[in-house]
Amino acid sequence: MAKSTPPPGDRPIKTLERVFSKAGAGSRTDARIWIGAGRVRVNGKVVQNPDHWVDTKLDRVTLDGKPLRAASKVYVLLYKPKGYLTTYRDPEGRPTVYDLVPDLGQWVAPVGRLDLDTSGLLILTNDTDFAERITNPAHKVPKTYQIKASTLLTDAHLEQLRQGVTLTDGPTAPAEVTRLRDSEKFTVLEMTITEGRNRQVRRMLEAVESRVRKLVRIAIGPIRIGELPIGKWRDLTPDEVLSLRGVSTAKVHAARRAARETQP
Ligand code: URA
């Protein structure tokens, strides 16, 4: 069905399918199925158009006759292992990150994606505004990766990564890059980027004629994976949630500089 523009005014207007994901009741795909099946009513009337506009303050939405309630917010930090998909269901039956978190009583979604072969810090939440804050490149929330490259990288390569390299979807923004160590054959580096394009780190390494051998996301903004064992999860603390809400690259860099300066 064609999308129409929302009714004018400053009411809290959302499409019907979005009302479900926003309330943490289910994914937008789930919502489309329920709506299509005629299980959803708005103000008592069955509505089968997922793009129907709903005023979340005034309209009463029910699923199987039960009202949707605003869900309490849940924020989970998972150490995703390699080999787990960042999706809910896989048609091929491969393991997903949902196999690693318990039933939290709310439907949570991953904040951004990590590739099947990437491990590291993944946040899952039912707070869609918070998720958008972290994933929208306009907010420049830094994500830090530890990378084992397939080759020895020169200082010139690292400088190229810092300045930005040209990918098929355009040049990358400047990155923070630190060489951690070299072996005879490869370099291990840390890189902080603020964009989060599809397979960005892998493609950046290819742009300097190397490849990613191992990729671990170790931080999002000020939140670090720390001592959390691989495959395990914990709740984000309220302070961590607040810090991510207000985070900007400048603040994180300033905090890191201050930490370095106070080190003995
Ligand atoms: N960049 C990548 O190439 N892959 C990821 O999983 C995350 C960032």
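Values quoted throughout were computed directly from the atomic coordinates according to the rules given, and no laboratory measurement underlies them. Values in this document were obtained by computation on a predicted structure and should not be read as measured data. Methodologically, a virtual Cβ is constructed for each residue, glycine included, from the backbone with ideal geometry; neighbour enumeration extends over all protein chains shown.
Averaging over every viewing direction, what projected area does the convex hull of the Cα atoms of the chain cover, in nm²?
Quarter of the Cα hull surface area: 17.5 nm².
Please report 239, 117 as a ranked list, fewest other C-beta atoms within 10 angstrom at the top and most at the bottom.
Ascending Cβ contact count within 10 Å gives the list 239, 117.
How compact is the stretch 159-229 by the rule of thumb for globular proteins, expressed as Cα Rg over 2.2 N^0.38 Å?
Against the compact-globule rule of thumb, the ratio is 1.14.
Is it possible to state the helix-based mean residue ellipticity at 222 nm for the chain, with each DSSP H run of 4+ residues giving -39500 (n - 2.57), the sum divided by total residues, to the nearest 500 deg cm²/dmol? What is it?
Values: 7 runs with 63 residues, N = 264.
Using -39500 (n - 2.57) per qualifying helix, the result is -6500 deg cm²/dmol.
Please work out the FRET efficiency for the pair residue 45 and residue 150, using the Cβ-Cβ distance as r and a Förster radius of 51 Å; give the result to the nearest 0.05.
0.30
Magnitude of the Cβ-charge dipole of the chain, K/R +1 and D/E -1, about the Cα centre, nearest 20 debye?
340
So for 157, 52, 139, fewest C-beta neighbours within 10 Å to most, what's the order?
139, 52, 157
What does DSSP give for the chain in terms of the percent of beta bridges that are antiparallel, rounded to the nearest 5?
The antiparallel proportion sits near 95 percent.
At 25 °C and 0.890 mPa s, grab the translational diffusion coefficient of the stretch 1-158 from Stokes-Einstein with a Kirkwood Rh over Cα pairs, rounded to a whole number in µm² per second. Show your work: numbers first, answer last.
On the way: Rh = 18.1 Å.
Value of D from the Cα-based Kirkwood radius: 136 µm²/s.
Across bins of 5 angstrom width beginning at 0, how are the C-alpha pair distances of the stretch 13-67 distributed, in whole percent?
Per 5 Å bin, starting at 0, the Cα pair percentages come out as 4, 25, 38, 28, 5.
Can you return the aspartates and glutamates within cross-link range of residue 82? Criterion is Cα-Cα under 18 Å, with same-chain partners fewer than 8 residues away left out.
90, 92, 99, 115, 117, 227
Cross-link list 148/232; 80/148; 22/143: which exceed 20 angstrom alpha carbon to alpha carbon?
On the way: 148/232 23 Å; 80/148 17 Å; 22/143 25 Å.
Long pairs (Cα-Cα over 20 Å): 148/232; 22/143.
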